[in-house]
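One structure is given below, encoded as structure tokens.
The values are calculated or read from the model by the stated rules, or taken from the named source; none is laboratory data. Computed from a predicted structure; not experimentally measured. Neighbour counts run over all protein chains shown; Cβ positions are idealised from the backbone, glycine included.
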Amino acid sequence: MFFMEYRKIISFGKSSFVVSIPKTWMKNNKLKKGSSVKIVEDNESLIISPLKDEKSIKNNLSKNLVFENEKQLQRELISAYIEGYDTINIKVKDLEKKMSLIHKIFENLIALEIVSNENNVVVAKDYLNINEVNLKNIIIKIDNNIKSMFLDLLEYSENSIDKNNKSNKKDNIKYDKNNKKPDYILISIERDKSINKLSFLGFRVIRKLLDSQLKGNFSILTLFKSWSIIVQLEKVGDELKRIFRLYEGQKIYDNVKELYSLYNDVLKIYYNDKKSSYRRKNLEVNENIRKFRKKIKDRLLKEDDVVLTQIYEKMINISSYLEEILRLNFDFSE
């Protein structure tokens, strides 16, 4: 529960100062006179937290789940993963029949591995070393996957049927032999899976940093912004995947190219948001995004092609996510 109140600092001796701690906080955290606390300096803030012993920490990082259905387990397992549990026990009826489903869910969780599956219980342990993970690199990898999706979409739309031109480049598109879907669609699905994996990893790293207060060079503000940026990037990836699934050869190349250019401008600002010149650039790119969105909305209102209308809606959504990233950069730059 969030709680705020104001307290005065009292002089204590010649070189120290004292501030009183709320009794309710002491009681909720099972502290008493003589208990130890951890104090972490974070720019202008001091973070006070209980100093837990190793036994307490170990117990808090273990969670039990029950397999009721695939969707329920997937959501609960991802939640436990992000929360930072080191050991997750999954109780399953008819374990042998459901192991393939369980393995499928685990494919999205980096560094969480099944170590045993017997007596209808699957035990998974986390092997993530928080000290070896670079949060900025996770965002860069998500960014690279999205850029690849844009480039694939540009190539896909360029190679599709030109309805006003007899020269048909559709034969250049390779198809998967089993389900006859273009490789572009299958690749977009794989890239989206990679984005999801990296996003879950990013959320887990941020949560672990906040819980352990081993933030290093990251302030709470930076961690909040990183979490929010990852959310928006994941949404961009989802919409691009949906465009791939919808696309049937409509003329969208120029629109995708413009949207990709705006995306690159936004991410360049994110990587350079500490430079004052990029605050001015932020406003400029934001205006360009609004112009793009207005243009696509105008086309959407006049469009008779149902599929193209849906594609335009996805482009409008992506532009909104890019605008949100710009807002985060502007409002939460350090």
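If a residue must be among the charged types (D, E, K, R), within 20 Å of Asp143 (Cβ to Cβ) and at pLDDT below 95, how many such residues does the stretch 208-254 contain? Spell out how you get there, then give the answer.
From the stretch 208-254, those among the charged types (D, E, K, R) are 208, 211, 215, 225, 234-235, 238-239, 241-242, 245, 248, 251, 254; that's our starting set.
Subsequent filtering for residues that are within 20 Å of Asp143 (Cβ to Cβ) retains 225, 234-235, 238-239, 241-242.
Imposing the further condition that a residue be at pLDDT below 95 reduces the set to 225.
Matching residues across the stretch 208-254 total 1.
Taking Lys251 as the residue in question, decide whether it is assigned by TED's automatic domain parsing to the domain that holds Ile139 and not in a helix (DSSP H, G or I).
So Lys251 fits the description; yes.
Condition test on Arg299, is it surrounded by fewer than 15 Cβ atoms within 10 Å (Cβ to Cβ) and over 26 Å from Lys225 (Cβ atoms)?
Answer is yes for this residue.
Kindly indicate whether any position in the stretch 44-66 is modelled with pLDDT under 70, at positive phi and not assigned by TED's automatic domain parsing to the domain that holds Val115.
So far as the stretch 44-66 goes, no, none of its residues is modelled with pLDDT under 70, at positive phi and not assigned by TED's automatic domain parsing to the domain that holds Val115.
Here is a list: Asp304, Asp265. Which entry is assigned by TED's automatic domain parsing to the domain that holds Trp227, of a type in the set (Asp, Glu) and assigned to a helix (DSSP H, G or I)? Walk me through how you get there before you give the answer.
Numbers: Asp304 fails: assigned to a helix (DSSP H, G or I).
It is Asp265.
Determine which single condition Lys274 fails, assuming it passes every other condition in (1) among the basic types (Lys, Arg); (2) assigned to a loop (DSSP other than H, G, I, E, B); (3) within 12 Å of the chain's Cα centre (by Cα).
It fails just one condition, (3).
So, in the stretch 120-161, exactly how many residues are polar (S, T, N, Q), at pLDDT 95 or above and crowded, with 18+ Cβ neighbours inside 10 Å?
Qualifying residue count for the region: 1.
Which condition from (1) in contact (Cβ under 8 Å) with a residue 40 or more places away in the chain; (2) assigned by TED's automatic domain parsing to the domain that holds Ile195 is the one that Ile140 breaks?
The one condition Ile140 does not meet is (1).
Pick from the stretch 295-312 the residues that are of a type in the set (Val, Ile, Thr) and without any contact (Cβ under 8 Å) to a residue 60 or more places away in the chain: which of them is nearest to Asp254 (Cα to Cα)?
Per the criteria, the residue is Ile296.
May I ask you to list the residues in the stretch 1-20 that are in a loop (DSSP other than H, G, I, E, B), closer than 17 Å to Val37 by Cβ and either among the small types (Gly, Ala, Ser) or at pLDDT below 70 (or both)?
Phe3, Ser20 - these are the residues of the stretch 1-20 that are in a loop (DSSP other than H, G, I, E, B), closer than 17 Å to Val37 by Cβ and either among the small types (Gly, Ala, Ser) or at pLDDT below 70 (or both).
Are any of the residues in the stretch 85-96 in a loop (DSSP other than H, G, I, E, B), touching a strand residue (DSSP E or B) at 6+ places or on another chain (Cβ under 7 Å), β-branched (Val, Ile, Thr) and in contact (Cβ under 8 Å) with a residue 24 or more places away in the chain?
yes
If Ala80 meets every condition in (1) under 19 Å from Asp211 (Cα atoms); (2) assigned to a loop (DSSP other than H, G, I, E, B) apart from one, which number is that one?
With (1) under 19 Å from Asp211 (Cα atoms); (2) assigned to a loop (DSSP other than H, G, I, E, B) applied to Ala80, the lone miss is (2).
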